[in-house]
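Structure record follows, encoded as structure tokens.
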4 protein chains.
Amino acid sequence: MTSAKRPDASRRNEKSRQAILTATRELIAETGYAKVSIEAIAARAGVGKQTIYRWWSSKGAVVFDSILDLSGPVDDAVVLPDTGDLETDLKQVLRATVAEFADAAFEAPIRALTVEIATDPELAALYQRSMATPMDEAKKARLRSAQEAGQLSPDADLDLVLSLLNSPVFERWLMRGGPLDDAFADGVVEAVVRAFSPGP
Amino acid sequence: MTSAKRPDASRRNEKSRQAILTATRELIAETGYAKVSIEAIAARAGVGKQTIYRWWSSKGAVVFDSILDLSGPVDDAVVLPDTGDLETDLKQVLRATVAEFADAAFEAPIRALTVEIATDPELAALYQRSMATPMDEAKKARLRSAQEAGQLSPDADLDLVLSLLNSPVFERWLMRGGPLDDAFADGVVEAVVRAFSPGP
Amino acid sequence: MTSAKRPDASRRNEKSRQAILTATRELIAETGYAKVSIEAIAARAGVGKQTIYRWWSSKGAVVFDSILDLSGPVDDAVVLPDTGDLETDLKQVLRATVAEFADAAFEAPIRALTVEIATDPELAALYQRSMATPMDEAKKARLRSAQEAGQLSPDADLDLVLSLLNSPVFERWLMRGGPLDDAFADGVVEAVVRAFSPGP
Amino acid sequence: MTSAKRPDASRRNEKSRQAILTATRELIAETGYAKVSIEAIAARAGVGKQTIYRWWSSKGAVVFDSILDLSGPVDDAVVLPDTGDLETDLKQVLRATVAEFADAAFEAPIRALTVEIATDPELAALYQRSMATPMDEAKKARLRSAQEAGQLSPDADLDLVLSLLNSPVFERWLMRGGPLDDAFADGVVEAVVRAFSPGP
DNA sequence: GGATAAACGAGACGGTACGTCCTGTCTTCGT
DNA sequence: ACGAAGACAGGACGTACCGTCTCGTTTATCC
């Protein structure tokens, strides 16, 4: 006996759902995250506020979904490049991340999302489950392939490797802690590859 | 022609300033950052709202100062341990950071501050200038000492080294991306030391 | 060409109708008139909102019917006492009215109804037709009997007499304009009887 | 020690007060009472909603004040005509009341006020105190003068007389219970004068 | 030491947004 | 096929804060 007065998802109006997510994205891009209000989203989407409150528990949840929705069904394979050379491939991936952060259109919503995640543990769990983990798994696959190819120590802790790869770029971006360019990305990759190169 | 109606700092009431900063810290600790309002701070501090608006430009700025004020005058020497063994010393530093993040009393205000910095570029600059850089300089001093001792490659980019050391712990904490314990701290330090060990 | 989508009264579910009227009365009694909503009535009656909107045009109409329904089929003879002495009989009638108004259980719905009538001319007309007029006719019958008995001037305007009898009690009750007791009722009756006593 | 957080009346902005009362009157006249909302009043008056809630406890209270304010300082002498002939004077007064009720511009706000009073006992008390009683006192003065002139029984209960005079017109108007014209007014006056004429 | 000007506490103000409740309409689903 | 259930767009509710703006009331120089 789970229910009580949880709304009946089967009756949900898909058109309204899409309008809300789209409006949310537009508003974040146009006016910046801080000024986005439920009221504004509802007005822009041509939707009653209740329809938002019925399906989402907080502004953060709407923002989250609006970005999740944007990136489409993430579930299926995110495949990373595999040229055979780990360093090259990782540099390409990190440079791509750097480029994404440099793109103002991407930057605003992702920053909004990040702040929301940092604030709300529940959202953080959802993020880890539905966005971070799939992405990380794709990267681990590439790392394992590198281990097999003898380009990476076979007993490297892949979670640690990923942390060392991702977080420096993330932190510089979020905290504006210094120049965020290809050179920095390359430096990170080179250091990590050096740290986990297979023993002699 | 500088002035116009910029308040006269010499007339500032120090008692009010302290009351505001203290009240801010208390409120963050008690009710969580999201629920802290200028109005609540003023009420708790027994201060008129205008007194806050007169001296700070935003809620973020008050939060920032309240935490800066807590850690006391940072400017003077933050000196890191130097046992002679770089790896040991870095592990000690990173483990201390991990411990700080685990302490709920520290966690809430720091998270509040971080969110504020991530949101407001101006605050980010202030943070870099008055908190991050001094801290980083202290760490760089230790790293240079290690270079001289032949424990670290003499041409290692120290900013990059710091990034690789700090950011993994920071990101895991902020995004709740996995267990944040001494083992993780040690793993990061070992990898970084390996990556930047002096060539043979 | 009458219909279009006017509901087919023959198909009406009597059980729902009764449930709605009962729920309405209960809610007025329990929570006071102001807090009664169509939604609450529907929920309490275990009925869809549409079923209410299908058969009544406004909240006022439901309230009206719920009270009309309570007093049962009014249409048939409301007969007033006739002891032969007009003054005695009128005092009894007015004292009964006073008692009704004093009864909290009766007071709330009647007040609700009165407000609704005062607000909505359509409802006022309905009220006059289906409630006031039958009641007044019964009273006029008693007055005519008094005229024949020589206790009331034969050319008294009976509508005027009724107005003078009813409205003082009604107004005191509605506007809480003073004590509403048997003494007041008696005073009204005595004055009216005096005013319209047959000439010498 | 009465206070707690009751607003400080001395700081009250008179301009806002007037704007609110005027806007309220305008809205009642234009759109009818039912459609008047606090939100609409605030918008029309160019005032924050809080400013209304700060000084009035309900919509009814605003409506009440807006009408009280209209009729100006009631306190000072409401003096009724005194030609020496009671019947003539009373007819003039009642005919004036009838005319007022017939004037659509007066009708709407007064009906609104009446409904509000009928609904809210607190408002009813305020009404009795600040509007009804002063008016009644003026009328009683005229009645007493008539008693001295030998046109009214010296032991007539003046409250009863007033009730019988006022309420028939009031009720007919409120409940739309029949034609409300000078003839009716005259009939009421004649009956009342007859009922309370001095004994032989 | 008395004038004067600023910062101060208090809090009213015009506003925006909140999250809830209800309206009246429209849709879905089970009986 | 009806009717309960309830989602929907919309609008008002009453509350919380925003940042600005007076108010009087301390301070705290400067004459």
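At a Förster radius of 41 Å, what calculated FRET efficiency corresponds to the Cβ-Cβ distance of B:Ser130 and A:Ala125, to the nearest 0.05? Don't skip to the end; give the middle numbers.
On the way: r = 34 Å, r/R0 = 0.82.
With a Förster radius of 41 Å, E is 0.75.
Over chain C, average the accessible area per residue using a 1.4 Å probe and give it in Å², no decimals.
Accessible surface, normalised per residue, equals 51 Å².
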Of all chain A residues, the one whose C-beta is nearest the axis that brings A onto D, in angstrom: A:Glu39, 7
Nearest-10 value in Å² for the accessible area of A:Lys59, using the 1.4 Å probe: 60 Å²
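Quick one: putting +1 on the C-beta of Lys and Arg, -1 on the C-beta of Asp and Glu, what dipole do you get for the protein assembly as shown around its Cα centre, in Debye to the nearest 20?
500 debye
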Work out which residues of the stretch C:116-147 lose at minimum 50 square angstrom of accessible surface when the other protein chains are put back, relative to the chain isolated, with a 1.4 angstrom probe, and list them by number. C:Ala118, C:Gln128
What dipole magnitude, in Debye to the nearest 20, does chain B give about its Cα centre under +1 on Lys/Arg Cβ and -1 on Asp/Glu Cβ? 1180 debye
Put a point 7 Å out from Cα along the line to Cβ at D:Ala104; what are the distances to that point in the other copies, in nm, shortest first? 4.3, 5.7, 6.7
Can you give the calculated 222 nm mean residue ellipticity of chain C, where each DSSP H run of n ≥ 4 adds -39,500 (n - 2.57) and the sum is split over every residue, rounded to the nearest 500 deg cm²/dmol? -21000 deg cm²/dmol
What total accessible surface area, summed over both chains, is buried at the interface between chains A and B, computed with a 1.4 Å probe and given in Å² to the nearest 100? 2800 Å²
Roughly speaking, to the nearest percent, how much of the stretch B:44-200's 1.4 Å accessible area is carbon and sulfur? 54 percent
Extending each Cα 7 Å along its Cβ direction at B:Glu30 and B:Arg194, get the distance between those two points in nm, one decimal. 4.9 nm
Do you know the relative contact order of chain A, to the nearest whole percent, from alpha carbon pairs under 8 angstrom that are 6+ apart? 22 percent
Positive dipole terminus of chain A, leading residue within A:Ala96, A:Ile28, A:Gln50 (C-beta point charges): A:Gln50
Restricting to lysines and to Cα separations under 25 Å from B:Lys140, and discarding same-chain partners fewer than 8 apart, the set is B:Lys91
Keeping all protein chains in position, work out how much accessible area A:Ile117 exposes to a 1.4 Å probe, and write it in Å² to the nearest 10. 0 Å²
Charge dipole magnitude, Cβ of K and R +1, D and E -1 - the stretch B:86-195, Cα centre, debye nearest 20: 60 debye
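The values are calculated or read from the model by the stated rules, or taken from the named source; none is laboratory data. Since the model is a prediction, treat every value here as computed from it, not as a measurement. Every residue, glycine as well, gets a Cβ built from its backbone with ideal geometry; the counts of neighbours run over all protein chains shown. Areas reflect the complete protein model, heavy atoms only, side chains present, ligands, DNA and RNA absent. Shrake-Rupley method; radii C 1.70, N 1.55, O 1.52, S 1.80 Å.
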